[in-house]
Amino acid sequence: MATPIVGTRAAVRDALRTKSGLFGFGMLAFIIATVIVIPFIAPYDVVRAWADVAAWTDNPRNAAPDWIDAFDDRKQSRNIILDWNDFNKGESNTSQNLKIIILQGRWEFPYHTFPSNYRLQIRATWASTPIQIAVDWRRPDDETVRIFEGLVTRQAPEIDVLPLTADDPRNDPQDRVRDWAVSVGADDVDSLRDVRPYVTLYAAQGGQMLDPNRASVLRGRYSLTITAIARNLTDTLEARFTSFGQVYGLAGTDHLGRDLFVGIIWGAPVALAFGTAAVFITVLSQVILGALGAYYGRRFDEVIQRATDFFIIIPVLPILILIGQLYEVTIVIILTIVILFNIVGGTTKVVRSITLQVREELYVEAARSYGASRRRILFRYIIPRTMPYTFALLSLSVPSFIFLEASLSFLGLGDPVLPTWGAIMGDASRNGALYNGLWWWIAFPASGIVFTTVAFAFLGYAFDKVLNPRLREE
Amino acid sequence: MTEDDGTILRLENLQTWFSIGRRLFAKPVFVRAVDRVTLNVRQGETLAIVGESGCGKTTLGRTILRLIEPTGGRLTYDGRDITHLPEEELDWLRKKAQMIPQDPYSSLNPGFPVSRILEEPLLVHRVADAAARSELVHRALLDVRLEPTDQFAPKYPHMLSGGQRQRIAVARAIILNPELIVADEPVSMLDASVRIAILKLLTELQKKYRIAFIYVTHDLATAKYFSDRIAIMYAGRVVEVAPVAELLREPLHPYTRALMEALPDPDPDNRARERPALPGEPPSLVSPPPGCHFHPRCPVAKAGWCDVEEPELREMRRDHFVSCHLAA
Amino acid sequence: MALLDVKELSLYYRTSRGPVKAVDGISFELGEGETLAVVGESGCGKTSMASAILRVLPRNVHRYTGEVRLGGTNVMEYSNEEFRTKVRWRGISMVFQGAMNSLNPVMKVGYQVGEPLLVHLDASRDEMDEQARQALRSVRLPEYIADRYPHELSGGMKQRVVIAMALIMKPKLVILDEPTSALDVMTQANIINVLKRLKREARLSYVFITHDLALASELADRVAIMYAGKIVEIGTAEQVYRDAKHPYTRLLLSSVPLLRGIRTPESIPGTPPDLINPPKGCRFRPRCPQAFERCTEEPPLAWGDRLAACWLMEGGAA
């Protein structure tokens, strides 16, 4: 009796019936659904911004996912942005031809943890002399602190970011805040550098105000008043305030404030596209070369066999690392190199052995007797018979290609622009994610890789079960 | 062109030797599968080639169809010398001469449905019209009695029984309207009752379409019922050729006689006596015995003659040829 | 007392489409030194019957019932271990279909023939060697064969080795399943001659399974015709070959091409039934040219001194 006959359609159908096949297809369907939804959640221009640091400055850095306090009564601080238009503006002209501009902004701070930072941006124009401004911080307990006094140094369209957290010739924020805090009863600190203005300004009065570890948040309404003196009536002033949260987004942010959610879901199509493109082309090549070699035999077969042995042994990753160190690579270049090194491989051998077997079958001989050309026999009779046996290999190759790309990106040698899972994990590793407890930064991209790998592994196992009679459950 | 006496196929001292691995400096070694065979086949007749396994009959069948190129002698089809014609020039032969292979379980492409299996020869020979092909497939299925044809056409081989599969193989062989069919043990893998049905089918088709058959088999009994002439083959050579009745009435070659004696008919008295059988086994085709290949097992071989000189195929009775020094 | 007495032996296999009734209530007797030929087409259950007697069962057995009395004892009641040590190869041994291709290619022939002795009797290597050579001699193989490997032997020689293996523990009964199917006519005749001689000299009983009625007549003292898992006719060789009663037997006989006779062989129309859902009543009814209304009920096998499961026996019409 001939080998177990399984056509492509039958193989797929049978594979779907097994438990692992169902799981695998289900998981793959989920990934594909994610990929389809992407253009609606995070279109490509958002991703192109991945390489542009300036695009992410409104996000907190190293923020955790914002659902981690879902079941917690203590709420983490969120990002609060008072945009240019959110400030109430009042202008008045004085007798000395001076213009006084007052900008005021208000916000609620109902959280239990301090922000990770804060920032005040000023956009101004002046005709002759830079505008002089003073910034007052007002707390729910009616305390007001002057946190800045000085000149605006940049004109529009540039934006001036006031030095509110560290010393600068224009301001010594830590001094101001410390002096004020001590005056309302805080214990002093040993070093000025330990003062965190964005903590103390939000802290409830008491001895620990200056201690970021022990201070507690004063919840309530805060306001910021910017008083400016302009020398020309045509001068303008605008302000924008950001209170950076501890949490942000569905997956947190990285060290540059990039929304990891965007990075992670974009990792899916990149991984899939890379994996499937690589697999498609290499399997096609391997199948054809394996079948050709086995069918035409002799020296041609010998050449392909030895080439296959050679290529199987060559470790692609070290070579990619080498190339990555010497040249700048894009994902397309990586893909090309990976494909080139897999023109022949394991599938070649499988297809060769099946071809050798099928070549001897009587229906091939019969085909010759009614005049079928060798090419017809090879491509219409033999290769289709090998396809089901390659499915398992196909399926299991996808994750290994994905892993290859991820490894390269992890080492920082991959495509510098695209947010791939490996790249994100690489950033995480190099920026002390684990050391600082920023688990989300590693967990999500890692889960992406694991999930995809497991999906294909299930599929591969299901196909293997269908086609390998020994594994079949009776 | 068919020759004057109606011969469509002529073999003259046909030789197919395979060379097998040669060691450096050693003489080349050959498998002499077909070792100077002379035969002819006339239009519409059935020639059986009877021999045990390893005698070269399958190779002979494949050589006749030019699936293998002979290494010596001459092969003529319809007057044309096809011995060494290159494959590209054999397209016409691939329409006129077909094969029915032995194993119905591996002679049909398991990935194709019946309709595709039967369409393949038509596609190869570019019968362009899909409707015309469909009609031919339908007719072929009717010819082999697989009805209703639209029920069989979409089936895959593994859904069919051995007998049904062999009918498909027959249908595939006749769909191009051939002149000659080489049937290589077409029924040996089928059950006894199905064998007769298939052979009857072949007889019917032969009469209907005037097809010549070369029936390769090891079973002399079925050859009796499905052939006009029988050629007995031993160790690559034809040792006797005669019309059926003549051969069975008066077998002249000792091997033919031994073959007949070794075959039982269903008879309960058989168990009481030993069946006469030749000792030993047929020789290897790599180094067959010198002279007459049969002499080591022959009950009447003469030393000094049979082991030295190869006997020629001579006409001993009318249309009855024997290759034996001692045939009278 | 009969050497082998089988009563209502049944073996069904479990499959995804339902149980396959491969052997469905088979009964027969076999005496010492007697040969019973079991003849039927492929798929009729004859190989399964051999597996059932020798308890060589696959994993998907759905039903395995009946009585198998060897020398009076019902061996179906033995545990698997008892069966292995007492019955298999000692009481009954078997030559499987295609066995000659299942010889271990990396073991010498002599060792393979003698191995059962090591396993069952704990014999010494010398004893085993001696017995093995004796067994090879009994099948007319020269002693030096014992030191050869299977690939060095021809098909006929390998088959003799397999027969020697089956005889090494000197069983009383050997089941042979198509022992000559892949062999040449001449070799087949030689093997049959060996079997004939062994039968005479060692008083061996054979259950000889084959689809070839002509071949069966070479050894059979009695013949059982199987169809769709059941025995439809059983009798002495003379009765079956010369005076068959069951229509299937008759059709089977007439489908054999005769080398020496003049009868033109006839084929049997139709195909054997599906063993998952065999026809109700007489299983041969759909293909039987003489079927009538009574045949929708299953006919009994025994009718006085003739055993043919056919209603035509009732009125003596058979």
Selection from the range C:243-272 of residues that are more than 7 Å from chain B (Cβ to nearest Cβ) and more than 30 Å from B:I230 (Cα to Cα): C:D243, C:A244, C:K245, C:H246, C:P247, C:Y248, C:T249, C:G270, C:P272
Selection count, the range A:429-471, where residues are open to solvent by 20 Å² or more (accessible area, probe 1.4 Å), within 19 Å of A:G267 (Cα to Cα), in contact (Cβ under 8 Å) with a residue 24 or more places away in the chain and not hydrophobic (A, V, I, L, M, F, W, C): 1
Unmet requirement for B:L285, which otherwise passes all of (1) within 23 Å of the chain's Cα centre (by Cα); (2) modelled with pLDDT of 90 or more; (3) of a type in the set (A, V, I, L, M, F, W, C): (2)
Test: residue in the range A:385-398 that is within 14 Å of chain B (Cβ to nearest Cβ), closer than 24 Å to A:Q286 by Cβ and assigned to a loop (DSSP other than H, G, I, E, B): no
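Please verify whether C:R55 is on the phi > 0 side of the Ramachandran plot and touching a residue at least 40 places away in the same chain (Cβ under 8 Å), treating the condition exactly as stated.
Details: on the phi > 0 side of the Ramachandran plot: yes; touching a residue at least 40 places away in the same chain (Cβ under 8 Å): no.
Criteria not met by C:R55.
Taking into account only those residues within the range C:111-133 that are polar (S, T, N, Q) and surrounded by 17 or more Cβ atoms within 10 Å (Cβ to Cβ), which is farthest from C:P171 (Cα to Cα)? Give the derivation first.
If we filter the range C:111-133 for residues that are polar (S, T, N, Q), which is where we start, we get C:112, C:124, C:131.
Next cut, surrounded by 17 or more Cβ atoms within 10 Å (Cβ to Cβ) only: C:112, C:131.
Working: C:Q112: 17, C:Q131: 14 Å.
Once the filter is applied, the top-ranked residue is C:Q112.
Need a quick list: helices (runs of 4 or more DSSP H) entirely within the range A:292-382 having at least 2 residues that are in contact with a strand residue (DSSP E or B) (Cβ under 8 Å, 6 or more places away or on another chain).
Numbers: elements: A:298-313, A:316-326, A:331-340, A:346-359, A:362-369.
The qualifying helices (runs of 4 or more DSSP H) are A:362-369.
A quick yes/no check of all residues on (1) touching a Phe, Trp or Tyr at 6+ places or on another chain (Cβ under 6 Å); (2) part of a loop (DSSP other than H, G, I, E, B); (3) open to solvent by less than 40 Å² (accessible area, probe 1.4 Å):
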residue: A:A166; (1), (2), (3): no, yes, no
residue: A:R178; (1), (2), (3): no, no, no
residue: A:N213; (1), (2), (3): no, yes, no
residue: A:T234; (1), (2), (3): no, yes, no
residue: A:A239; (1), (2), (3): yes, no, yes
residue: A:V262; (1), (2), (3): no, no, yes
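To keep it simple, each residue is scored yes or no on (1) touching a residue at least 60 places away in the same chain (Cβ under 8 Å); (2) of a type outside the set (G, A, S); (3) within 16 Å of B:D78 (Cα to Cα).
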site: B:D4; (1), (2), (3): no, yes, yes
site: B:T16; (1), (2), (3): no, yes, no
site: B:S19; (1), (2), (3): no, no, no
site: B:V31; (1), (2), (3): yes, yes, no
site: B:R36; (1), (2), (3): yes, yes, no
site: B:I49; (1), (2), (3): yes, yes, no
When residues of the range A:92-106 are limited to those that are touching a strand residue (DSSP E or B) at 6+ places or on another chain (Cβ under 9 Å) and exposed (fewer than 15 other Cβ atoms within 10 Å of the Cβ), the one nearest to A:V199 (Cα to Cα): A:R106
Conditions (1) facing another protein chain (nearest Cβ under 10 Å); (2) over 25 Å from C:R263 (Cβ atoms); (3) open to solvent by 20 Å² or more (accessible area, probe 1.4 Å): number failed by B:E179: (1)
Residue pairs meeting the criteria (Cβ under 9 Å; at least 6 apart or on separate chains; first without any contact (Cβ under 8 Å) to a residue 40 or more places away in the chain and farther than 15 Å from B:L122 by Cβ, in the range A:360-376; second open to solvent by 60 Å² or more (accessible area, probe 1.4 Å) and basic (K, R)): A:E365/B:R62; A:R368/A:R374
For B:S134: the one exception among (1) open to solvent by less than 30 Å² (accessible area, probe 1.4 Å); (2) under 11 Å from B:L118 (Cβ atoms); (3) not basic (K, R): (1)
Which listed residue is open to solvent by 60 Å² or more (accessible area, probe 1.4 Å), within 16 Å of the chain's Cα centre (by Cα) and among the small types (G, A, S), from C:S51, C:S42: C:S42
Positions within the range A:248-260 being open to solvent by 10 Å² or more (accessible area, probe 1.4 Å) and in a strand (DSSP E or B), in sequence order: A:D259
The range B:43-71, residues that are more than 14 Å from every other protein chain (Cβ to nearest Cβ) and at positive phi: B:G44
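Find the strands (runs of 3 or more DSSP E) located wholly in the range C:5-114 whose residues include 2 or more that are farther than 30 Å from C:R125 by Cβ, and list them. Please lay out each step first, then the result.
On the way: elements: C:20-30, C:35-39, C:61-70, C:92-95.
It comes to C:20-30, C:35-39, C:61-70.
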Members of the range B:156-170 found to be within 12 Å of chain A (Cβ to nearest Cβ), within 22 Å of B:A97 (Cα to Cα) and either within 18 Å of the chain's Cα centre (by Cα) or among the small types (G, A, S) (or both), listed by number: B:Q166, B:A169, B:V170
Qualifying residue in the range B:221-234 (condition: out of contact with any Leu (no Cβ under 9 Å at 6 or more places or on another chain) and surrounded by fewer than 20 Cβ atoms within 10 Å (Cβ to Cβ)): no
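Looking at the structure I just gave you, is B:V308 touching a residue at least 24 places away in the same chain (Cβ under 8 Å), more than 14 Å from every other protein chain (Cβ to nearest Cβ) and either in a helix (DSSP H, G or I) or open to solvent by 30 Å² or more (accessible area, probe 1.4 Å) (or both)? Give the steps one after another, and end with the answer.
Values: touching a residue at least 24 places away in the same chain (Cβ under 8 Å): no; more than 14 Å from every other protein chain (Cβ to nearest Cβ): yes; either in a helix (DSSP H, G or I) or open to solvent by 30 Å² or more (accessible area, probe 1.4 Å) (or both): yes.
No, not satisfied.
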In the range C:222-242, residue farthest from the other protein chains (Cβ to nearest Cβ) [restricted to those that are surrounded by fewer than 20 Cβ atoms within 10 Å (Cβ to Cβ) and of a type in the set (D, E, K, R)]: C:R242
Strands (runs of 3 or more DSSP E) wholly inside the range B:194-277 that include at least 3 residues being under 12 Å from B:L47 (Cα atoms) and more than 14 Å from every other protein chain (Cβ to nearest Cβ): B:237-243
Hits in the range B:182-193 - residues which are more than 14 Å from chain C (Cβ to nearest Cβ) and open to solvent by 10 Å² or more (accessible area, probe 1.4 Å): B:D184
Extreme residue, most open to solvent (accessible area, probe 1.4 Å), among residues of the range B:80-101 that are under 23 Å from B:I174 (Cβ atoms) and more than 13 Å from chain A (Cβ to nearest Cβ): B:R80
Selected residue (criterion: farthest from the other protein chains (Cβ to nearest Cβ)) from residues of the range C:199-214 that are open to solvent by 10 Å² or more (accessible area, probe 1.4 Å) and not in a loop (DSSP other than H, G, I, E, B): C:A202
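Would it be correct to say that C:I145 is outside any loop (DSSP other than H, G, I, E, B), within 14 Å of chain B (Cβ to nearest Cβ), in contact (Cβ under 8 Å) with a residue 24 or more places away in the chain and of a type in the set (A, V, I, L, M)? I'd like the intermediate steps shown before the answer.
Values: outside any loop (DSSP other than H, G, I, E, B): yes; within 14 Å of chain B (Cβ to nearest Cβ): yes; in contact (Cβ under 8 Å) with a residue 24 or more places away in the chain: yes; of a type in the set (A, V, I, L, M): yes.
Yes.
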The one condition in (1) in a loop (DSSP other than H, G, I, E, B); (2) open to solvent by less than 50 Å² (accessible area, probe 1.4 Å); (3) in contact (Cβ under 8 Å) with a residue 60 or more places away in the chain that C:R283 fails to fulfil: (3)
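The values are calculated or read from the model by the stated rules, or taken from the named source; none is laboratory data. Since the structure is predicted, the reported quantities are computational estimates derived from the model, not experimental observations. Every residue, glycine as well, gets a Cβ built from its backbone with ideal geometry; the counts of neighbours run over all protein chains shown. Heavy atoms of the whole protein, side chains included, go into the accessibility calculation; ligands, DNA and RNA do not. Shrake-Rupley method; radii C 1.70, N 1.55, O 1.52, S 1.80 Å.
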